[in-house]
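First the structure, in the form of structure tokens, and then the observations on it.
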Amino acid sequence: MAQDCDIGMIGLGVMGRNLALNMLDHGFRVAGYNREPAATRKLAEGEARGKPFVACDTIDDLARALTRPRRAMLMVPAGAPVDDVISRLAPLFEPGDILIDGGNSFFEDTERRIEQTGRSGLLFVGAGVSGGEEGARHGPSIMPGGRAEAWPHLQPILQGIAAKVGPRGDIPCCDWVGPGGAGHYVKMVHNGIEYGDMQLICEAYGLLHDGLGLEADELYDVFDEWNRGELDSYLIEITRDIFSVRDPETGAPLVDLVLDVAGQKGTGRWTSKLALDLGVPTTLITEAVFARALSAQKRERQQASEVLPGPTGALARFRREVDRDAFVERVRQALYASKICSYAQGFVQLAAASAERGWDLRPGDLAMLWRGGCIIRAAFLERIKNAFDREPKLVNLLLDSYFREAVESNQTAWREVVATAARIGIWIPAFAAALTYFDGYRSGRLPHNLLQAQRDYFGSHTYERIDRPGAIHTDWSSLSRKRD
């Protein structure tokens, strides 16, 4: 077998197959292997016919088909399957050859694999890939990290197939992120922000559909208008499109027939868990994760709906009295303000992880990686890049002039929406989490002076005073007023 392929693709499922086709379209020669040989043959005899694609029956064949340094991309399920492929491929590779894990692997697994393969001189890269099937085929967002020596050998391929943005459409949504597990960590936070975005949009839908009573055709018009302004994004666009789809059997809006139980694959949970480890308040993403968990309790919710009453008559009064157009606009403003808080939290977590791990992440550049190809792509991301260009050491997006002014101009509507939802009994955990985060962050003094006093009272944990330095313990019990 001729050794002339630029890269090997291991795993030819939806993502691997489409990435391979993307590479072929850009002139790269690809060797493909799948554990089910039928998938490899189907690709070779179908969409890859006539293109420089080499179908490999074994991993040994794939290794022999590659030019040096060998480059192989793994698009297999995270966890044990990745380790299994590495164990089979590593003995066939030589020092300087490159392994790329393009799945949603946990970043600490990536760091373990970097160390493990490095003992044999191999260069391991953990590359987050976002954009789903369409992105993989026509231009994803790619976030590579790991052994930096691998980047010069991967840059032409990965930047070649990535989504392109900018005035001339020539800026790739792919660049080197950093060492260790940085690439997969950034992809994980991207997915966490995606959880938050999707939950916020669902809550806006709930307010307009369950609260205001808008039907699918009206919702299509609302989201179409929103997508023409500052909420312009892939998720708003596809939400608009969803409202136009009718069930071919009943003619009803198809979205109304979808079971309200959300799935998840774990990256949102990882984001929340690691935020707790870092001690950063990534509250909106965490609420989005909990919201999916609550959605999964379908049977319990149905039972509870029959016995737990909401605010009697409030929804009917609201619908009679509300100015519909004005409320739609307030929801739009609340969604934008909440979205700002969600991204602010995500970038705070990235900064904390970067400081702890020594990754030296560049937040403005990360925003550019997400501007095209990925699920959270949005015009909004340009604003984030501008914010970090203005102040490279910006500690929170809420402190940037643009975002500060945006929240200030939208917060009256935001508060009215959250208050209205509480009054009429509409569930909006992410909207509320965003607002409470904002109010907490802007508070120069929180009620935790009392919490510290409580801790010192029952556990002698000490506290600090505002008027002089040093840790202090007080015998609160002996000094407290005694009951008569």
*Using 7 Å Cα-to-Cβ label points, what is the ARG228/ILE466 separation (nm, one decimal)?*
5.0
*asked:* No solvent, one uniform scatterer per C-alpha: report log10 I(q)/I(0) for region 1-150 via the Debye equation at q = 0.09 1/Å, two decimals.
replied: -0.24
*In percent, what relative contact order does region 1-149 have, based on Cα pairs under 8 Å that are 6 or more apart in sequence?*
22
*What whole number of Å gives the distance from the Cα centroid of region 81-110 to the Cα centroid of region 1-53?*
18
*Reachable lysines from LYS42, Cα under 22 Å, same-chain residues fewer than 8 places away excluded?*
LYS51
*How big is the Cα convex hull of region 355-484 in projection, averaged over all directions, in nm²?*
14.6
*In what sequence, highest mean first, do 404-412, 349-357 appear when ranked by Cβ atoms within 10 angstrom?*
349-357, 404-412
*Column: log10 I(q)/I(0), Debye, Cα scatterers of the chain, q = 0.06, 0.13 Å⁻¹*: -0.34, -1.23
*asked:* Probe radius 1.4 Å, ligands and nucleic acids ignored: give me the carbon and sulfur share of the accessible area of the chain as a rounded percent.
replied: 52
*Compute the long axis of helix 429-441 from its Cα atoms, compare it with the longest principal axis of the Cα atoms of the chain, and write down the angle in degrees, 0 to 90, nearest 10.*
70
*Given the alpha-carbon gyration tensor of region 214-279, what are the semi-axes of its equivalent ellipsoid in whole angstrom, ordered largest first, with each equal to the square root of 5 times an eigenvalue?*
31, 19, 8
*Give the calculated FRET efficiency between GLU218 and GLN454 to the nearest 0.05, with a Förster radius of 56 Å applied to their Cβ-Cβ distance.*
0.65
*Enumerate the amide H contacts of LEU122 below 5 Å, restricted to partners 5 or more residues apart or on another chain; note that Pro and chain-start residues carry no placed amide H.*
GLY96
*For the chain, with every protein chain kept in place, what is the accessible area per residue (1.4 Å probe, Å²)?*
48
*So what is the calculated 222 nm ellipticity per residue for the chain, using -39500 (n - 2.57) for each DSSP H run with n of 4 or more, over all residues, to the nearest 500 deg cm²/dmol?*
-16500 deg cm²/dmol
*Between VAL54 and residues 5 or more places away or on another chain, which pairs have amide H atoms under 5 Å apart, with H built 1.01 Å from N, and which residues are they?*
VAL30, ALA31, GLY32
*Report the label-to-label distance for ASP61 and ARG246 in nanometres (one decimal), using points 7 Å from each Cα along the Cα→Cβ vector.*
4.9
*Which lysines does LYS385 reach when only Cα atoms under 19 Å apart count, and residues fewer than 8 places away in its own chain are ignored?*
LYS164, LYS187, LYS339, LYS393
*Kindly give Rg over Rh for region 198-326, based on alpha-carbon atoms, with the Kirkwood expression for the hydrodynamic radius.*
1.00
*In vacuo Debye scattering of region 281-416, one point per C-alpha: log10 I(q)/I(0) at q = 0.14, 0.18 Å⁻¹?*
-0.84, -1.11
*Mind checking which lysines have their Cα closer than 25 Å to the Cα of LYS298? Skip sequence neighbours fewer than 8 apart in that chain.*
LYS265, LYS273
*Which value, in debye to the nearest 20, gives the size of the charge dipole of the chain about its Cα centre, when Lys and Arg are +1 and Asp and Glu are -1 at the Cβ?*
920
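State, as an integer percentage, the relative contact order of the chain based on alpha-carbon contacts under 8 Å between residues 6 or more apart.
On the way: 801 pairs, mean separation 60.3, N = 484.
It comes to 12 percent, rounded to a whole number.
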_What figure, in Å² to the nearest 10, do you get for the accessible area of TYR33 with a 1.4 Å probe and non-protein molecules left out?_
20
*asked:* Starting from the 7 Å offset along Cα-to-Cβ, what nm value, one decimal, do you get for the label separation of GLN264 and SER305?
replied: 2.1
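The values are calculated or read from the model by the stated rules, or taken from the named source; none is laboratory data. Bear in mind the structure is a predicted one, so any value in this text is a computation, not a measurement. Positions of Cβ are generated from backbone atoms using ideal geometry, with glycine treated the same way; all protein chains shown enter the neighbour counts. To get the accessible areas, we keep the full protein, side chains included, count just its heavy atoms, and leave off ligands, DNA and RNA. Shrake-Rupley method; radii C 1.70, N 1.55, O 1.52, S 1.80 Å.
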